[in-house]
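Single-structure report; data block below.
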Amino acid sequence: MISIGIDPGTVRTGYGVVRRDGGRLVRLASGTIRTNAKDPIETRLLAIHEGLDQILTQYGPDDAAVEDVFFAKNARSALKLGHVRGVILLTLTRRGLVVASYPPAFVKRAVVGAGRAAKDQVRHVVLAILGLNVLPSEDEGDALAVAICHLNGPRPGHNNKIGV
């Protein structure tokens with residue numbers, strides 16, 4: 001089973017492709033889809049769609065998990081983040097992937113054991129779980145944590161939302 005975890009962002013969207021290999025989890029790929037903050041939102045949305053589509057083509061995940069939006073500095077930022085999440089969900093669904101959504105606190109609790117864990121703590125636990133040699137970036141670490149949470153949890157149905 002191969003899952004992709006995604007941490008949506010308007011400038012940096014993290015992704016992590018993880019495979020369950022027996023009792024262990026193996027990172028196949030991870031990184032960040034970057035956009036230029038000075039570009040119009042529609043240009044950034046297209047870049048996120050194209051970047052994600054390329055990753056899906058290359059790694060062919062069986063399903064996907066996306067972190068829910070829970071915080072934004074203001075209403076305008078929240079709206080833009082909602083646009084990004086919408087493009088991500090559309091891209092995944094067009095590929096026929098089953099998509100699960102997880103609130104950030106649920107992911108942290110599932111991976112670290114504490115819903116209010118610091119980002120750095122999440123990254124270190126992800127490093128240990130996946131046996132990585134290099135600490136992932138924040139966005140990459142969050143996306144890998146989403147994939148780990150998804151692969152270790154119950155198999156939710158299409159567009160299922162797990163509550164905290």
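The values are calculated or read from the model by the stated rules, or taken from the named source; none is laboratory data. All values derive from a computational prediction rather than experimental measurement. Every residue, glycine as well, gets a Cβ built from its backbone with ideal geometry; the counts of neighbours run over all protein chains shown. Quick note on the areas: whole protein, heavy atoms, side chains included, nothing else; ligands and nucleic acids left out. Shrake-Rupley method; radii C 1.70, N 1.55, O 1.52, S 1.80 Å.
Points to keep in mind about this one:
- Segments 136-148, 84-96 sorted - mean Cβ within 10 Å per residue, highest first: 136-148, 84-96
- Based on the convex hull around the alpha carbon atoms, the stretch 68-153 presents an average projected area of 6.1 nm².
- Spatially near lysine pairs across the chain, Cα under 20 Å, sequence gap of 8 or more or different chains: 5
- The angle separating the long axis of helix 119-130 from the principal Cα axis of greatest extent in the chain is about 50 degrees.
- In the chain, the longest principal axis of the Cα atoms and the axis of helix 138-152 are about 50 degrees apart.
- In order along the stretch 42-52, phi translates into HN-Hα couplings of 5, 5, 5, 4, 5, 4, 5, 4, 5, x, 5 Hz, rounded to whole numbers, per the Karplus curve 6.51 cos²θ - 1.76 cosθ + 1.60 with θ = phi - 60° and x for Gly and Pro.
- Whole-Å distance, taken between Cα centres, linking the stretch 12-33 and the stretch 49-112: 14 Å
- Packing around the peptides 9-21, 118-130, 29-41, taken as the average count of other Cβ atoms within 10 Å per residue, puts them in this order, highest first: 9-21, 118-130, 29-41.
- Extending 7 Å from the Cα toward the beta-carbon at both LEU132 and ASN152 defines two label points whose distance is 1.5 nm.
- Each helix, a run of at least 4 DSSP H residues, gives -39500 (n - 2.57); summed and divided by the residues of the chain, these come to -14500 deg cm²/dmol at 222 nm.
- Considering only alpha-carbon pairs that sit under 8 angstrom and 6 or more positions apart, the relative contact order computed for the stretch 1-99 is 31 percent.
- On Cα atoms only, tilt of 75-94 relative to the major axis of the chain in degrees: 70 degrees
- Split the accessible area of the stretch 87-156 by element, probe 1.4 Å, and carbon with sulfur accounts for 54%.
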